[in-house]
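The values are calculated or read from the model by the stated rules, or taken from the named source; none is laboratory data. The shown structure was predicted, so the numbers you read here are calculated from the model rather than taken from an experiment. FYI the Cβ positions are ideal-geometry reconstructions off the backbone, even for glycines, and counts take in every protein chain you see.
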Amino acid sequence: MKLTYSPKQQAFRLEVRQWMAANVPKEKLPTYDTKEGFELHRQWERKLHEAGLSMVMWPTEFGGRGCDLIDWLIFEEEYYGAGAPLRVNQNGQLLLGSTLLEFGTPEQQAHFLPRMASSDDMWAQAWSEPNAGSDMANISSKAILDGDHYVLNGQKTWSTRATYADWAFGLFRSEVGSKRHHGLSFLMVPLDAEGVTIRPIKALDGEDAFAEIFFDNVKVPVEHRIGEEGQGWHVAMATAGFERGLLLRSPARFQQTVRKLIKLYRDNKVSADRDPSIGVAVAKCWSDAEAYALSAYNTVGRLSNGDKIGAESSINKVFWSELDLLIHQTAMNILGCTGELLTSAPLAEERAYWLQGFLFAQAGPIYAGANEIQRNIVAERMLGLPRA
Amino acid sequence: MDFTFTEDQLLFREAISRFLMTEAAPETLREIWETDEGRSPELRNQMAMQGLTALSVPEDNGGLGMGDIAWSLMTQELGYYGIPDSLADTAYVGAGLFSALDDNVAGKGEYLTRICDGELRLAIGHQSSQLVSDAHLAEILLMQHGDEVHLVPRAQIDEVTNPSIDSSRRLSQVTWQPTSETCIASGESGAALWNQTLNRGALSVAGQLLGLAQRMLDLSVDYSVQRKQFGKAIGSFQAVKHHLADVAGKIEMAKPVLYRAACSLENNHPLTDIHVSQARNFCNEASALAARHAIQVHGAMGYTWEVDLQMFMKRSWALSNTWGDNIFHQARVQDYVLNSTVDLAPASTFEEA
């Protein structure tokens, strides 16, 4: 065990730090859940890509830098530490990208990954359906093979980024009469295809953060299937593991939010200290965010020894989503009567970003697999408790 | 950057675990409870044969020369099997204190060799507690007097027994007189020795609490699979599952915090105090939740003397306020986060940002 960085890792950190200092927009970009904000975030992604910093852990031939996971953690620390924008294309880059690298054909990798790295293609996820939320194996949207293409019919919902994205990926029932996790295929669907209808859903903040997607005889070439026909569940579970396990919410994001929380506390110390439990909560937030970082480094170490991420990824997901709630609830408590103000309120100034974060934190224990499901996974797969 | 254990460290842990599973079963520990001294010379000899007492004694003194990182695995095993205080206090905390002493301290090498061989029992009196563990059997006591470290023979102290809820604990109030003959370190070096010893003791307890948490979780999983109500195993009910999943989560998240703290202590990292207290807080939270949920899952059986859960639950309650109580460790982290001027950027996990 040696918990220090090599000179090479330090040099990489410095390079990223300097680039971020020179390039991160001074003004916070408008939310990517608006048309304007979405495009501004796409431009930012292109700039990152031109500097070779969009997907650092991908192989160079796909637009990455071939970094290992420690370098990726270093990159994330510098990225969020510099206050850089949230990653608008992360559903594609982090979730689908990992899946393509593991399960994609060489042709799929060569076509989709570079366009994803540069954000020429923006991706939405399309897992959930009206009757397949926590019970994801209850998917009923169909993809029926007809010669060299599938014909899609059905509906997806809660599709993050789908309002403005170019593509979506998800599971479709490709075997008529199949049940549960059998007979599903993993498909990539262009959202401008004939027969696709997008209906945005306004989220808690009033923006179009997600959407319903309707498929009416949509033709998708068979080349857009990832993995074997009928093996979609297996492919998707690997993606879900990446999502919860390590990639989707890197520790640096929470560490940066906690750094701001500590500043908020220090700036409002006299008021905050009227209740000693505020200081306790701030310290706990720091300690938890750091523990999450330590856990990530530890996981990377175990992965490099050939271990796989198992049910621990569910523990991670519960942990960071509950941490995010605590951070933002604590911030709201410190802000007091100005906490409710929107960004448009003259009195709110920078403080309104806490409200945005507070709202989004409410979704954390729900998306990417509700925390109840995560706890069931831990109990059944890690502890071996019997299924209900 | 390498956050992994060596093959040797992992194999050693596995060997100790297998040994304690057979030689320190709950029935055996209960028999030892009933003795006046509360300790088994036979068990101690066997543990010495396994190399446990040699673990962190320097190689020059015949030991294995391993450090806090190796102990962060071993203390979990000591906790898991409910091994009484004397072993960790002597072989880990005591050996650490002796190793850090000036080489010209009389008897240093001899004491280390005797710790290594499993012949020496010692007790440590630190100002964080009014009580000393295992003073009744100790040949020597390492006592704190301000910044001074005193090495006091058992014959020069008086001790009054104070029974604990943990039947394996043997606590005493100790009265003694510091003299120039007993003083083996003082001033800045004495203060540094005590600070390091407090950190080592706290980390020893942290590891044991984590091991205790795992034991309570395992006992609860076994019980909830066997116990049937409404025609099925209670472990199939979601409310019970979630109790135990939360304990598993606390344990998993505490491990890297414990290992990092051990690495910091072994390498004299400038933030060792903070890292150790953070580890203590995480391990303590894990064991506290494990105890609460374990007794809940066991139902009335968990409230009995007969069921073994009590052994580990009570020990976790007792240990959780030793080598610095919870308030001390919480406050140490809190003071660092709230009152320092350090910019706690994401890049500061392992280095000053």
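Observations on the model:
- Members of segment B:265-304 that are more than 9 Å from chain A (Cβ to nearest Cβ), among the acidic types (Asp, Glu) and more than 30 Å from B:Lys228 (Cα to Cα): B:Asp273
- Single residue of segment B:5-37 satisfying the filter (assigned to a loop (DSSP other than H, G, I, E, B) and surrounded by fewer than 18 Cβ atoms within 10 Å (Cβ to Cβ)) that is farthest from the other protein chains (Cβ to nearest Cβ): B:Asp36
- Single condition A:Glu228 does not satisfy, out of (1) in a helix (DSSP H, G or I); (2) more than 10 Å from every other protein chain (Cβ to nearest Cβ); (3) among the acidic types (Asp, Glu): (1)
- Some residue of segment A:41-52 being among the hydrophobic types (A, V, I, L, M, F, W, C), outside the structural domain of A:Ala211 (by TED's automatic domain parsing) and touching a residue at least 60 places away in the same chain (Cβ under 8 Å): no
- Among the candidates A:Arg259, A:Arg266, A:Arg274, the residue that is outside the structural domain of A:Ser178 (by TED's automatic domain parsing), at pLDDT 95 or above, surrounded by fewer than 18 Cβ atoms within 10 Å (Cβ to Cβ) and in contact with a helix residue (DSSP H, G or I) (Cβ under 8 Å, 6 or more places away or on another chain) is uniquely A:Arg266.
- Output for segment B:92-107, where each listed residue is within 11 Å of the chain's Cα centre (by Cα) and of a type in the set (A, V, I, L, M): B:Val93
- If only residues of segment A:48-61 that are assigned to a helix (DSSP H, G or I) and under 20 Å from the mean Cα position of the chain (by Cα) are counted, the one that is surrounded by the most Cβ atoms within 10 Å (Cβ to Cβ) is A:Leu48.
- Selected residue (criterion: surrounded by the most Cβ atoms within 10 Å (Cβ to Cβ)) from residues of segment A:171-205 that are among the hydroxyl-bearing types (Ser, Thr, Tyr) and closer than 26 Å to A:His234 by Cα: A:Ser185
- Within segment A:64-84, being more than 10 Å from every other protein chain (Cβ to nearest Cβ), hydrophobic (A, V, I, L, M, F, W, C) and assigned to a loop (DSSP other than H, G, I, E, B) holds for A:Cys67, A:Ala84.
- Selected residue [more than 14 Å from chain B (Cβ to nearest Cβ) and crowded, with 16+ Cβ neighbours inside 10 Å] from A:Gly369, A:Gly339: A:Gly339
- For first residues located in segment B:248-264 and more than 7 Å from chain A (Cβ to nearest Cβ) and buried (at least 23 other Cβ atoms within 10 Å of the Cβ), partners that are assigned to a helix (DSSP H, G or I) and among the β-branched types (Val, Ile, Thr) and lie 6+ apart or on another chain with Cβ distances below 6 Å form the pairs B:Ala261/B:Val276; B:Ala262/B:Ile69; B:Ser264/B:Thr272.
- One residue stands out among those in segment B:124-150 that are without any contact (Cβ under 8 Å) to a residue 40 or more places away in the chain and part of a strand (DSSP E or B): the one that is farthest from B:Pro41 (Cα to Cα), which is B:His145.
- Residue in segment A:112-121 that is within 23 Å of A:Lys156 (Cα to Cα) and part of a helix (DSSP H, G or I) present: yes
- Considering residues of segment B:126-139 that are buried (at least 24 other Cβ atoms within 10 Å of the Cβ) and within 12 Å of B:Ile157 (Cβ to Cβ) only, the residue nearest to the chain's Cα centre (by Cα): B:Val132
- Applying the set (1) free of Cβ contacts under 8 Å to residues at least 40 places away in the same chain; (2) more than 14 Å from chain A (Cβ to nearest Cβ); (3) crowded, with 19+ Cβ neighbours inside 10 Å to B:Val337 leaves exactly one unmet item: (2).
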